[in-house]
Amino acid sequence: MLEELVVENLVLVRSARLTLHPGLNVLTGETGAGKTILAEAVGLLLGGRADAALVGPAASEAYVEATFSDAELPEELSELAPEGAEGVTVARRVGREGRSRALLYGRSCTRDDLERIGQSLIEMVSQHEARRLVRPAVQLDLLDASGGDEVARLRGDMGAAWRALVAARRALAEAESGAADEQGRLNELRALADAVAEVDPLPGEEDDLGRERSRLRHLDALREAAQEAAELLNPDEGSGAVALAGEAAHALARVREHDAALAGPGDELARIAGELREASVDLRSYLTGLDADPAALDRIEERLEQLAELRRRFGGVDEAAELRPRAEAAAAELAEGERADQRIARAAVAVATAEKAADRLAAGLHKARQKAAEPFAASVEHHLTDMGMDGARLEVGIAESPLGARGRDAVELRLAANPGLPAGPLGSVASGGELSRIALAVRLAARDGGATEMLVFDEVDAGIGGRTARVLTDKLRELAATAQVLCITHLPQIAAAADRHFLVEKTQGATSEAHVEQLDPDAALEELVRMLGADAGDADARALAISLRGNAH
């Protein structure tokens with residue numbers, strides 16, 4: 001229930017505070033007094049467009065606030081409510097520059113959130129309703145509202161399934177995007193790991209190969225030097241260093257017994273002679289094995305070039321073997337990349353599962369709408385008959401549309417306002433007075449299945465009079481028995497039925513101002529006399545006003 005509506009500095013309304021009745025509330029006043037400003041206030045709370053022209057002349061901003069008791073936020077927005085919050089309080093501020101702020105419990109929220117909250121709590125039916133009724137989304141909502149708890153439950157489930165599907169698709173897109181961004185790096189890592197595995201560099205290998213390459217490149221010089229050294233030590237003919245050292249040792253050995261001082265040099269020469277003999281043998285052995293495979297140098301050159309290319313390609317190391325730890329790390333990261341592929345696969349499965357669930361709920365919702373369509377059309381036709389449009393016929397078309405939060409149905413309401421005429425889109429098949437009745441009938445039919453607890457009617461009685469005015473009054477009273485109603489009206493019949501009556505009056509001065517006053521029973525009776533077009537002292541008009549009020553209640 002809308003408990004209180006506060007309006008400050010909105011166009012001509014300087015300050016107004018309306019405490020509403022749970023039943024039928026009416027708002028009356030002369031044409032131009034400012035009644036539509038109150039409808040504009042409700043529109044702002046429903047997410048309507050803000051405009052600098054809405055700000056009153058004596059203020060820097062306009063402010064509208066509504067407090068609902070026994071109300072809850074839509075399930076998908078329930079986390080926005082502060083802990084322990086009772087009811088719902090929404091507001092809108094509009095600045096002089098035209099910018100606006102949406103507020104929930106005094107805290108900022110998005111305009112979209114405000115719109116969803118407002119439309120879950122209030123239905124707005126205006127004299128321009130035909131413009132809204134042509135919107136497919138509005139027509140879909142009206143049909144769904146007529147379907148009662150079953151359709152409401154399915155819509156809630158469908159909305160949850162759609163959000164789950166959107167989240168699953170987002171997760172898949174993020175996984176794929178992340179994988180795409182990483183693909184270049186993974187390719188580099190794979191190239192490093194594969195190249196190191198293929199080349200398999202060993203610690204110290206390049207130094208060893210470098211030395212062997214140098215040996216092979218200087219093979220002739222090595223052979224010549226070794227041959228010369230071997231000849232000097234132990235030639236095939238004549239005496240070499242080995243023989244000379246041995247002879248010197250023998251010469252000292254013959255006389256050492258006569259002088260112990262010669263023992264040391266003699267032993268040293270004997271040792272040297274032995275080592276020279278061993279060196280000579282080693283040189284001969286070296287020369288024997290010096291003949292190498294002619295292709296060995298080519299193989300070494302090729303291997304060194306392979307290792308050098310590995311270093312050049314991946315850089316930052318002194319020897320190729322230092323790339324091995326990086327290759328091992330690359331292999332580990334590649335394994336993680338493969339797990340990312342698995343995450344993509346899991347995300348794709350989640351999308352498929354969510355799509356299947358959404359498709360199943362959309363199919364169930366479609367069947368429920370088909371089931372609701374005929375009773376909804378019959379209810380609209382019944383209400384139209386009551387309001388003097390005998391023979392009017394409503395067609396409810398349900399076509400397939402892309403899957404979304406409301407399923408995959410597109411609804412089109414087509415009306416034949418008079419017998420024998422073809423059905424056409426709402427808003428293009430009737431006169432102004434008929435449009436008001438059509439808008440009301442469609443809303444009443446939607447209410448037959450249950451909807452929001454608060455309805456605002458902005459001069460839907462335009463073009464209505466006589467018997468239809470009485471029928472319209474009866475329907476509003478019937479509606480007010482199960483829902484709170486605020487009706488901006490020019491009809492005294494409707495005003496007479498009010499549980500609470502508010503009067504809007506405009507005062508002239510340096511600047512015009514509109515004032516809103518809650519009328520007591522006597523003042524309400526005086527307003528009925530005015531609405532009947534009579535002077536305050538007109539006894540007949542007063543009697544008629546009393547009669548209207550008595551009949552209404």
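The values are calculated or read from the model by the stated rules, or taken from the named source; none is laboratory data. Fair warning: this is a prediction, and the values are worked out from it, not measured in the lab. Neighbour counts are summed over all protein chains in view; Cβ atoms, including those assigned to glycine, are modelled from backbone coordinates with ideal geometry. Protein only, heavy atoms only, side chains kept; ligands, DNA and RNA dropped before computing areas. Shrake-Rupley method; radii C 1.70, N 1.55, O 1.52, S 1.80 Å.
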### Residue match in the stretch 62-84 (condition: open to solvent by less than 20 Å² (accessible area, probe 1.4 Å), within 20 Å of Ala483 (Cα to Cα) and at pLDDT 90 or above)
yes
### Message
Quick check on the stretch 314-344: of everything there that is modelled with pLDDT under 70 and open to solvent by less than 50 Å² (accessible area, probe 1.4 Å), which residue is farthest from Val196 (Cα to Cα)?
### Response
Ala340
### Task
Scan the stretch 125-144 residue by residue and report those that are surrounded by 22 or more Cβ atoms within 10 Å (Cβ to Cβ) and either at pLDDT below 85 or part of a strand (DSSP E or B) (or both).
Val125, Glu129
### Task
Search the stretch 154-168 for residues that are under 14 Å from Lys356 (Cβ atoms) and pair each with any residue that is outside any helix (DSSP H, G or I) and not small (Gly, Ala, Ser) when their beta-carbon atoms are under 9 Å apart and the residues are at least 6 apart or on different chains.
Met158/Arg406; Trp162/Leu403; Trp162/Arg406; Leu165/Leu403
### Out of Glu4, Glu8, sole residue that is closer than 16 Å to Ile122 by Cα, surrounded by fewer than 23 Cβ atoms within 10 Å (Cβ to Cβ), charged (D, E, K, R) and modelled with pLDDT of 90 or more
Glu4
### Task
Determine whether Arg360 is at pLDDT 85 or above and under 30 Å from Asp194 (Cα atoms).
no
### Check on Val166, modelled with pLDDT of 85 or more, farther than 30 Å from Leu262 by Cα and either β-branched (Val, Ile, Thr) or outside any helix (DSSP H, G or I) (or both)
yes
